[in-house]
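Notes to accompany the following structure.
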Amino acid sequence: MSAPWTRTLPALLLLLTAVCMGELLDPCGYIVPEAPVVRLGSNFTAVCVLLEKCMDYFHVNAAYIFWKTNHETVPRAQYTVLNRTAASVTFTDVGLLSTQLTCNVHAFGQIDQNVYGVRVLSGLPPEKPTNLSCIVNEEKRMTCQWDPGRETHLDTNFTLKSEWATDKFPDCKTERGSPTACTVEYQAVYFVNMEVWVEARNALGVATSEHMNFDPVDKVKPVPPRNVSVSSSEELSSILKLTWVNPSINKFISLKYDIQYRARGTAAWTQIPLEDTASTRSSFTVQDLRPFTEYVFRLRCMKEDGQGFWSDWSEEARGTTYEDRPSKAPSFWYKVEPAPAHGSRLVQLMWKTLPPFEANGKILDYQVTLTRWKSRSQNYTVRDTKLTVNLTSDRYTATLTARNLVGTSDAAVLTIPACDFAATRPVRDLKAFPKDNRLWVEWSAPREPVSKYILEWCALSDKAPCVPDWQQEDGSVRRAHLTGRLAESTCYLITVTPVYSDGPGAAEAVRAYLKQAPPSSGPVVRTKKVGKNEAVLAWDQLPVDEQNGFIRNYTIFYKTSAGNETAVNVDSSHTEYTLSSLTSDTLYMVRMAAYTDEGGKYGPEFTFTTPKFAQGEIEAIVVPVCLAFLLLTLLGVLLCFNKRDLIKKHIWPTVPDPSKSHIAQWSPHTPPRHNFSSKDQMFSDGALTDLSVVEIEASDPKPLPEELKALELFRKEKLSTGGHSSGIGGSSCMSSRQSLSSGDEAEAASAQSAASAVQYSTVVHSGYRHQVPSVQVFSRSESTQPLLDCEERPDELPPPPPPPGEGADPPPRQQYFQQSPGPAGEDPVGPGQPPAFREVPAAQGPGERLETGGLEAALGLDEGPPKSYLPQTVRPGGYMPQ
Amino acid sequence: MDLRAGDSWGMLACLCTVLWHLPAVPALNRTGDPGPGPSIQKTYDLTRYLEHQLRSLAGTYLNYLGPPFNEPDFNPPRLGAETLPRATVNLEVWRSLNDKLRLTQNYEAYSHLLCHLRGLDRQAAAAELRRSLAHFCTSLQGLLGSIAGVMAALGYPLPQTLPGTEPAWAPGPAHSDFLQKMDDFWLLKELQTWLWRSAKDFNRLKKKMQPPAAAVTLHLGTHGF
């Protein structure tokens, strides 16, 4: 870019000046030097010389000159006015590689006018080229190369010079693109020493390399040997003979060789010792090769004395060694298949094809011999690698040999134990692990000597059955890698069976992965049971196909919709886990990840809600509440019963029944009354007299034997005669009996009523028995209110109301007799009795006697019968109208 | 850095060795002189190399000349080639030649042959042939220099080529084309014979030179003691 500009600049200036001047074609001045090349870092001075005619025209002189570098005005301090027409500028320590320097004047004292311009180049002189080296390619020209030294920033020419003692050869000039190498035009003459050197030259100087004196034949790089061929020997399967044609240089120099070979398919070359091929030859026999193996050869050559260069490698040549007998017996194993008939078994004998380096040729067939214990052997010739035979359950010995063109291998012997043979002595400490992209199996040998080990393996899958592959290892081996093609992320079940001289031992199995991966899918979690504060999560083990590795642990993540996620690690052996400390009535999101050694995989998210109440909690609340309620009710009822009187007093105070009121008869006729009683007893069933007493004693909690009851009766009657009264109760009871007795005994009842009706009432002053009250017997009825009667005993309403003061007493008496066979005597509080009547015995308590009032015609009860008795006899008919 | 260190150690070792042997080798400058042996060997190799070159060159050139010159059994009488030096010599005479004479004869012969060959080069039309001829000439020039070197090493003066006898090759108009080709044929043939002879000469010289070289060493060794 800049170079053409440099050249055109003066021309431009010229044109410019010509235009300005109108007629002048010459420049107004010039710069000396015209094309300066300056060494970097040195000082440089340029002089501008003005022409006279211009000076006159523009009215300038050298003092008007000013300089510009790359359009920047140079400071005046660097100017020197030499004379009227010339001024110089000096630069110290030139650093720029290329500078445009112009000389200018102030025309007419004010107009800047370009006068002349030059391009100042700077750089460095060339350094002495070093490391000169030459190579003479056979049948080609000589090429030399060297290090050019530092960058000069200038056009530098390198010339390769060469000469003999007597002659000079033409110079070799480098091309622009490659200043570090040159190929001479002449053909170097061998065996004549020549001198070679390099000259570097640019505008700032010349440098010459060290001279190198050599014989071109010592720099020669021969043409590689050609027509390389390989031939094998039928006698020796371990050798190959390599022949070739030497390069033509061999006619006047001796060569040495470098031969390499490799078996086909391998990458590394094997080197034949150089000392074996240190002299000129055209063939070489390579030994110690493997039989029936293809080898690739290549070779190169150089001058025998080592001066010069190795040739390129020859073309590769291939050859195959001759066959040899198989060097090893094939791997041999068997498996028993389900027997078609009892007493026999199908045994599949199987073996592996020998690898080429053991087969040593093409295997033609296999010979199998089966020998039953102490009997003739059977021979088979098989081309396949398996043979199925039908054997008896006895022990057999199988031998196998492989045959190729040259010979037969050693025999592989296998003992097939009898059916009832129990395999023992397994290998110990079996383990499998991946290493270097292989699956290794390692074990400890059993104590007994092992002839070989059989390794079987298969990929475990739910989709496909386990199809085992197998391999055989020597008895001395303790570790081996599986030779088959294994897939990653697949579980392999590896079985190792030691084979002893008398048959196979027990197999040991182990699982392993060539390379684990995270599971394909995560475990699907579900709840087994959800409680108020806990949930039992359950999941299934991942299928083998999805595990992709050993599941080491599970992680359960659970969270509420708002809360943080909590993670729990669970051992891989579990299939359920109980989440505790949950909040009730909350939605939980659960997901679960299964981890192998290589990572984990989340299963689907699962949600569940904890219930508000725990199971049975409602029942636990409701049942006690109900029970408590029931209890309370019962208590209330009981209380009501207990406090009946009180309640009754408050709510419906007892209004004396005028119909039952009578004036108590307190008279000394009590004994006659007793007689009456006995009469009464006599009157009725003699045995039942006591029962009538029990009826009165209903309140007594202790039922007494009948004799005692009789005594009690006596006592009571005494008490009643003493102003005591259980009267109302008795009366009541009698009334009730009366009511119960219905109309059966209506006649008797009416008779009694008629008898009692004689005395209207007996008023007994209620009081304590000690205060013997004066019994006032009223002969008139105090009240004839049937209403009250009705009120007190509504159930007595249906029968026609007896005449006041009459009907009450006699019926009970009668009823006693009637009821005596019934349960009345045993159960004082009969079901038919209204509660009010039952209270009567209780009211017999001394304290209450006063309250209830002697007004009660209780005594009337006691007194009643005797009294009523009399009238009964007197006037039964008087009551007939009732 | 390592290389430099190694070099300096090597140099130091070398220096030590030299210093150790210094009292035993008074004529140090003479041991550095390789003597004529290597150059004789080189000259011998060069004759063989030239022989090899000539074989291919002659084949090409005779084909260029065309029949009958390229026929294997073509054996014309030696006519019109009197200017060429004869390589054939009586065996007894050859054996009795001394080193100086032997070398001088070789030098003179190749000087003449080279001169004739250059004329051949000028004539040849085919570019490839010219290139081969040029290379052969250069090689022959190298042989001459090599012989001169051996002679110088042995202290023999180079033969003075007389101006009158300077073989100025000129295309003789009297020569017919066939005769010219015959000259070329004989030139190549004579060259080949000379190369064979030279190989023998230098082999003889080489064998002759080896024992004296050993004797010199031995002499130096004894002198040191």
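The values are calculated or read from the model by the stated rules, or taken from the named source; none is laboratory data. No experiment lies behind these values; they were computed from the predicted model shown. In this analysis, Cβ positions are derived from the backbone assuming ideal geometry, glycine residues included, and neighbour counts consider all displayed protein chains. Heavy atoms of the whole protein, side chains included, go into the accessibility calculation; ligands, DNA and RNA do not. Shrake-Rupley method; radii C 1.70, N 1.55, O 1.52, S 1.80 Å.
Observations, loosely collected:
- Selection from region B:92-151 of residues that are away from chain A (no Cβ under 12 Å), basic (K, R) and open to solvent by 20 Å² or more (accessible area, probe 1.4 Å): B:R95, B:K100, B:R118, B:R122, B:R130
- The residues in region A:484-508 that are free of Cβ contacts under 8 Å to residues at least 12 places away in the same chain and closer than 10 Å to A:Y453 by Cβ can be counted, and the count is 0.
- Scanning region A:418-457 for residues that are of a type in the set (G, A, S) and either surrounded by fewer than 16 Cβ atoms within 10 Å (Cβ to Cβ) or within 23 Å of A:S501 (Cα to Cα) (or both) turns up A:A418, A:A422, A:A423, A:S444, A:A445, A:S451.
- When the residues of region A:544-556 are filtered to those that are within 10 Å of the chain's Cα centre (by Cα) and not in a loop (DSSP other than H, G, I, E, B), the one that is surrounded by the most Cβ atoms within 10 Å (Cβ to Cβ) is A:Y554.
- Any chance A:E151 is within 14 Å of chain B (Cβ to nearest Cβ), surrounded by fewer than 21 Cβ atoms within 10 Å (Cβ to Cβ) and over 60 Å from the mean Cα position of the chain (by Cα): no
- Filter pass, A:V136 being in a strand (DSSP E or B), within 28 Å of A:W310 (Cα to Cα), more than 14 Å from chain B (Cβ to nearest Cβ) and open to solvent by less than 70 Å² (accessible area, probe 1.4 Å): no
- In region A:159-218, the residues that are away from chain B (no Cβ under 14 Å), among the basic types (K, R) and under 29 Å from B:T47 (Cα atoms): A:K161
- Residue check, B:S56 within 14 Å of chain A (Cβ to nearest Cβ), touching a Gly at 6+ places or on another chain (Cβ under 7 Å) and at negative phi: no
Matching residues to (1) over 15 Å from B:K189 (Cβ atoms); (2) part of a helix (DSSP H, G or I); (3) in contact (Cβ under 8 Å) with a residue 12 or more places away in the chain; (4) among the charged types (D, E, K, R):
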site	(1), (2), (3), (4)
B:L46	yes, yes, yes, no
B:L50	no, yes, yes, no
B:P85	no, no, yes, no
B:L103	yes, yes, yes, no
B:L120	no, yes, yes, no
B:R130	yes, yes, no, yes
B:A153	yes, yes, yes, no
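- Positions within region A:185-220 being open to solvent by 40 Å² or more (accessible area, probe 1.4 Å) and either of a type in the set (F, W, Y) or in a loop (DSSP other than H, G, I, E, B) (or both), in sequence order: A:E185, A:Q187, A:N193, A:A203, A:L204, A:E210, A:H211
- Of all the listed residues (A:G123, A:G149), the sole one being closer than 30 Å to A:G308 by Cα and out of contact with any strand residue (DSSP E or B) (no Cβ under 6 Å at 6 or more places or on another chain) is A:G149.
- For region A:492-506, the condition of being touching a strand residue (DSSP E or B) at 6+ places or on another chain (Cβ under 9 Å), open to solvent by 60 Å² or more (accessible area, probe 1.4 Å) and under 25 Å from A:T424 (Cβ atoms) holds for at least one residue.
- Filter result for A:R318 (more than 14 Å from chain B (Cβ to nearest Cβ), farther than 30 Å from A:P417 by Cα, open to solvent by 70 Å² or more (accessible area, probe 1.4 Å) and without any contact (Cβ under 8 Å) to a residue 60 or more places away in the chain): no
- Of all residues making up region B:46-80, the number that are open to solvent by less than 40 Å² (accessible area, probe 1.4 Å), more than 22 Å from the chain's Cα centre (by Cα) and of a type in the set (A, V, I, L, M): 2
One line per residue, one yes/no per condition, for (1) in contact with a Gly (Cβ under 9 Å, 6 or more places away or on another chain); (2) within 14 Å of chain B (Cβ to nearest Cβ); (3) surrounded by 14 or more Cβ atoms within 10 Å (Cβ to Cβ); (4) in a helix (DSSP H, G or I):
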| site | (1), (2), (3), (4) |
| --- | --- |
| A:F284 | no, no, yes, no |
| A:D288 | no, no, no, no |
| A:F292 | yes, no, yes, no |
| A:R298 | no, no, yes, no |
| A:S311 | no, no, yes, no |
| A:S314 | no, no, yes, no |
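- Elements of type strands (runs of 3 or more DSSP E) in region A:25-112, at least 1 residues being of a type outside the set (A, V, I, L, M) and open to solvent by less than 60 Å² (accessible area, probe 1.4 Å): A:29-32, A:44-50, A:65-69, A:79-81, A:86-91, A:98-107
- Against the conditions (1) under 27 Å from A:A188 (Cβ atoms); (2) touching a Lys or Arg at 6+ places or on another chain (Cβ under 9 Å), A:N250 satisfies every one except (2).
- Scan of region A:233-279 for residues that are within 14 Å of chain B (Cβ to nearest Cβ) and in a loop (DSSP other than H, G, I, E, B), ordered by number: A:N246, A:P247, A:F252, A:I253, A:S254
- Any hit, region B:17-33, residues being under 30 Å from B:G155 (Cβ atoms), modelled with pLDDT of 80 or more and either assigned to a helix (DSSP H, G or I) or not aliphatic (A, V, I, L, M) (or both): no
- Some residue of region B:65-76 being within 23 Å of A:R141 (Cα to Cα), touching a helix residue (DSSP H, G or I) at 6+ places or on another chain (Cβ under 8 Å) and either assigned to a helix (DSSP H, G or I) or at pLDDT 80 or above (or both): no
- Residues of region A:475-534 satisfying the condition of being within 20 Å of A:E598 (Cα to Cα), small (G, A, S) and not in a loop (DSSP other than H, G, I, E, B): A:A512
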